[in-house]
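The values are calculated or read from the model by the stated rules, or taken from the named source; none is laboratory data. Everything numeric here is computed off the predicted structure, so don't read it as measured data. Backbone-built Cβ (ideal geometry, glycine too); neighbour counts: all protein chains shown. All accessible areas refer to the heavy atoms of the entire protein, side chains included, with ligands and DNA or RNA removed. Shrake-Rupley method; radii C 1.70, N 1.55, O 1.52, S 1.80 Å.
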Amino acid sequence: MKLIDRRMMLTELLLRCSISVFALLALILVVTDTEVKLIFTIKKTAKYTDMKAVVFLVVANGIAAVYSLLQSVRCVVGTMKGKVLFSKPLAWAFFSGDQAMAYLNVAAIAATAESGVIAREGEEDLQWMRVCTMYGKFCNQMAIGVSSALLASIAMVFVSCISAFSLFRLYGATKDRRTTPW
């Protein structure tokens, strides 16, 4: 195995492990986040299921954590066998899976961030009040969970770049580029 292949596989392995850790951390922080307030005589509990965008984030992070964990195992096995390059169909499958995970999590982060801004700032035109003034602990823990999910999402983008590089290097340069017209 070439030195650059080893370094790239190690980088991919570290990124995939960090995705699993950050996605699982985000999932745990968001799912365990609750706060109870007594409004007059009514108990109101804030939990992640109150916002559908956050439920989407939980599901997306769960899928990403499991997918990255499985891909980490593949990286370890590939490193132990000393084989980095694989068949084109398999490379396309890994590339497509990595792209799907990255897009899924970026969409979940965007939806949850929008919900978070509305919860924090309110929306006067629609007469939606600020929720974070009443549920401060809930909003703070949710923000930490979303930040962890954002770190996982950024790592997924880098993993997608690595899998794209791994895929397209299988095609290589088959023609002399100096003599080929546009």
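Is it fair to say Asp125 is assigned to a helix (DSSP H, G or I), open to solvent by 50 Å² or more (accessible area, probe 1.4 Å) and either of a type outside the set (A, V, I, L, M, F, W, C) or in contact with an Asp or Glu (Cβ under 6 Å, 6 or more places away or on another chain) (or both)?
The answer is yes for Asp125.
Are any residues in segment 32-55 out of contact with any strand residue (DSSP E or B) (no Cβ under 6 Å at 6 or more places or on another chain) and under 15 Å from Ala143 (Cβ atoms), and if so, which ones?
Thr32, Asp33, Tyr48, Met51, Ala53, Val54
Return the pairs, sorted by first residue and then second, in which the second residue is open to solvent by less than 80 Å² (accessible area, probe 1.4 Å) and not in a helix (DSSP H, G or I), the first residue lies in segment 1-16 and is modelled with pLDDT under 80, the beta carbons are less than 6 Å apart, and the residues are 6+ apart or on different chains.
Close Cβ pairs (under 6 Å, with a partner that is open to solvent by less than 80 Å² (accessible area, probe 1.4 Å) and not in a helix (DSSP H, G or I)) amount to Met1/Gly82; Asp5/Val84.
Let's see how each residue does on (1) within 18 Å of Leu70 (Cβ to Cβ); (2) outside any strand (DSSP E or B); (3) in contact with a helix residue (DSSP H, G or I) (Cβ under 6 Å, 6 or more places away or on another chain):
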position: Ile4; (1), (2), (3): no, yes, no
position: Cys17; (1), (2), (3): yes, yes, yes
position: Ser20; (1), (2), (3): yes, yes, yes
position: Ala26; (1), (2), (3): no, yes, yes
position: Val30; (1), (2), (3): no, yes, yes
position: Lys44; (1), (2), (3): no, no, no
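Could you identify the single residue in Tyr67, Tyr48 that is in contact with a helix residue (DSSP H, G or I) (Cβ under 8 Å, 6 or more places away or on another chain), crowded, with 17+ Cβ neighbours inside 10 Å, more than 13 Å from Gly145 (Cα to Cα) and aromatic (Phe, Trp, Tyr)?
Tyr67
Output the residues belonging to segment 137-152 that are more than 16 Å from Ala23 (Cβ to Cβ) and out of contact with any strand residue (DSSP E or B) (no Cβ under 8 Å at 6 or more places or on another chain).
Correct list: Cys139, Asn140, Gln141, Ala143.
I'd like to check something: does segment 47-54 contain any residue that is of a type in the set (A, V, I, L, M, F, W, C) and within 15 Å of the chain's Cα centre (by Cα)?
Yes; the residues of segment 47-54 include at least one that is of a type in the set (A, V, I, L, M, F, W, C) and within 15 Å of the chain's Cα centre (by Cα).
Going residue by residue through segment 14-21, is there one that turns out to be among the aliphatic types (A, V, I, L, M), over 18 Å from the mean Cα position of the chain (by Cα) and surrounded by fewer than 21 Cβ atoms within 10 Å (Cβ to Cβ)?
Scanning segment 14-21 turns up no residue that is among the aliphatic types (A, V, I, L, M), over 18 Å from the mean Cα position of the chain (by Cα) and surrounded by fewer than 21 Cβ atoms within 10 Å (Cβ to Cβ).
Does any residue of segment 91-104 turn out to be polar (S, T, N, Q), farther than 18 Å from Ser160 by Cα and surrounded by 15 or more Cβ atoms within 10 Å (Cβ to Cβ)?
No: zero hits.
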